[in-house]
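Asker: This is the structure I want to talk about, given as structure tokens.
Computed from the coordinates by the stated procedures, all read-outs in this text should not be read as laboratory data. This one's a predicted model, so the numbers in the text were calculated from it and none came from an experiment. We place every Cβ from the backbone using ideal geometry, glycine too, and count neighbours over all the protein chains shown.
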Amino acid sequence: MSAKVGQIGPVRAAAFVGGSYSHRSTSVDAERTLNKYPEYMESDGARAPSALIDTPGMRIVSPSTGIGGNRCLYASASGRLFGVFENGVYEFDASFNRTLRWRLESSQGRVTMVDNGAQIFLADGWASQGWIFDLVANTASKITDINYPGGFFACFLDGFFLVEMPGSQKFYWSQLNDGTVWPALNFATAEGFPDAIVSMAVVNLEVWLFGSKSVEVWYHSTDPIYIFQRFPSAVIPIGCAAQWGVASISGVIFWLGAAENGYGSVWMSQGHGLPKRVSNYGTEYQISRDTLDDATTYCYAQEGHVFYVLTLPTANKTLCYDVTTGEWHDRGYMVPSTGVIQRHLSQCLAFAFGKNLVGDFRSDALYWFDMDWYKDGEDRIKRMRRFPTYHADRAIVSYWSLEIFQDTGSAPLTGDGSAPQMMLRISNDGGRTWPGELWRSMGKQGEYSKRVRWGSHLGQARERVFEVASTEPIKQPWLGAYIEATAVTP
């Protein structure tokens, strides 16, 4: 996207509020929105029609005890919260005190949990093991049934636990209401395509089986022999590129696509028909040039927005799709010592005790996604918006001033963030190089009318890209931008 300027005087910067769209060619579009997301006002009387809102900070609710990262978070049907860190399975109470419930025989890799109200079924595919935790007795036992297939994805439907057999087209189910027993004939085969099951999930009382080239949708039938059957027309010719690249929320399922007609795209289910492509060309460029098979995902909802969060560990980056607006933005953790942006810290998410709770891929700390906390743990968050390219066809444009319209005056009276600053960078070659930084005050406490403005003369360019950023731990909605500019030569 680009924005033309042709007159002198204050003009609202077109598309200042927007998502990320980093095209293969920066001359086409170099937009990036980091740790912010667009929100479009539902009130006709709003002061601004849209704003860039802060993504939530990660407030520590249970500090790290010094062991490794989060492998699973799960909230049971009765509201109990469980987390897996290294080989320990812990329960957290409402005050986030943790109790060790049992230990697994593996210590790394994602695991999954579901429950039937009386039992939790944990699938640990890394050890080819399954576990049953009795929610009444608070005791755990390893599944010893020789027919248990040792899969990765614990699912539950209509009283049955389900799991796939790794490397095959088969999935198995337990005895009704008892995850310790797995009858030998309780299995079915996804045969629409000859690809093995990569991932699986239960959504809307349906079993979704993801292969590398296809997706099949099954249901619990009334047939006493063929308990699970495939919907006749529910074979989707778009596979899944990553074992942990599937996530669902509110009856909708998202996955990172594979196969020749869907690789590197993100897809959203639309019933049993062809899914909707929700990634865009810019996002797909960012995704498809990286390793995909280690991707991890989760979904959550907060303040009216629904998010699909996609992390690419090898590429060390996190992309987020806002289902509510249809736009993408980037999320990331800023390394305090270097300022480098890495993948977001969050690995798994569960909603419990009225909060979106997340685990850290590095440690066993537990966090709350808090919209009123402006740090990741105790580390600052970098928030940034890279504008669309400004031009007047091929004319040279003189830029006189830039002002960022934002909510100012909320800084603390003393301490960290009490004298907040915003940084401006300018590129005159379409976003390829960024010489220098220009800083302005964002207003101390009570300076509600503070203008964040760069004036005098900001130089000339044929292709100008502005970028503003802040690492201040304060509330800072960005509502818009005003540019004063004029085209001076053809």
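Asker: First select every other residue whose beta carbon is under 12 angstrom from the beta carbon of residue 465; then total the charges, Lys and Arg +1, Asp and Glu -1.
Answerer: +2
Asker: Per the Kirkwood treatment, what hydrodynamic radius in Å, one decimal, follows for segment 222-365 from the mean inverse distance over all distinct Cα pairs?
Answerer: For segment 222-365, inverting the mean 1/r across all distinct Cα pairs yields 16.5 Å.
Asker: With respect to the cross-link table entries 355/382; 142/276; 317/475; 36/444; 170/276, which display a Cα-Cα separation exceeding 31 Å? Write out the running numbers ahead of the final one.
Answerer: On the way: 355/382 23 Å; 142/276 40 Å; 317/475 24 Å; 36/444 22 Å; 170/276 27 Å.
Flagged as over cut-off: 142/276.
Asker: Please give every one of the aspartates and glutamates within straight-line cross-link reach of residue 450, meaning a C-alpha to C-alpha distance under 13 Å, and leave out same-chain neighbours fewer than 8 residues apart.
Answerer: 403, 407
Asker: Treat every Asp and Glu Cβ in the chain as -1 and every Lys and Arg Cβ as +1, leave all other atoms uncharged, and give the resulting dipole magnitude about the Cα centre to the nearest 20 debye.
Answerer: The calculation lands at about 1520 debye.
Asker: Remind me, relative contact order of the chain in percent, using alpha carbon pairs under 8 angstrom and six or more residues apart?
Answerer: 18
Asker: Here is a follow-up. Lys/Arg Cβ at +1, Asp/Glu Cβ at -1, dipole of the chain taken about the Cα centre: which of 133, 173, 87 is farthest positive-ward?
Answerer: 87
Asker: Which trypsin sites (Lys or Arg not before Pro) does segment 292-363 hold that lie in a coil by DSSP with at most 13 other beta carbons within 10 Å?
Answerer: Qualifying residues, ordered by number: 362.
Asker: Could you work out [θ]222 nm for the chain from helices alone, using -39500 (n - 2.57) per DSSP H run of at least four and dividing by all its residues? Round to the nearest 500 deg cm²/dmol.
Answerer: Roughly -500 deg cm²/dmol at 222 nm, from the helical runs in the chain.
Asker: Let me ask something additional. Can you give the Kirkwood hydrodynamic radius for segment 342-490, in Å, rounded to one decimal and based on Cα pairs?
Answerer: Hydrodynamic radius (Kirkwood, Cα only) of segment 342-490 equals 17.6 Å.
Asker: Looking only at the chain, where both bridge partners belong to it, what percent of the DSSP beta bridges are antiparallel (to the nearest 5)?
Answerer: 95
Asker: Shifting gears a bit: What do you get for Rg/Rh of segment 215-287 when both radii come from the Cα atoms and Rh is the Kirkwood radius?
Answerer: Ratio of gyration radius to Kirkwood radius: 1.05.
Asker: Considering the options 271, 299, 248, tell which one lies farthest towards the positive end of the dipole of segment 234-322, charges being +1 on Lys and Arg and -1 on Asp and Glu at the Cβ, about the Cα centre.
Answerer: 271
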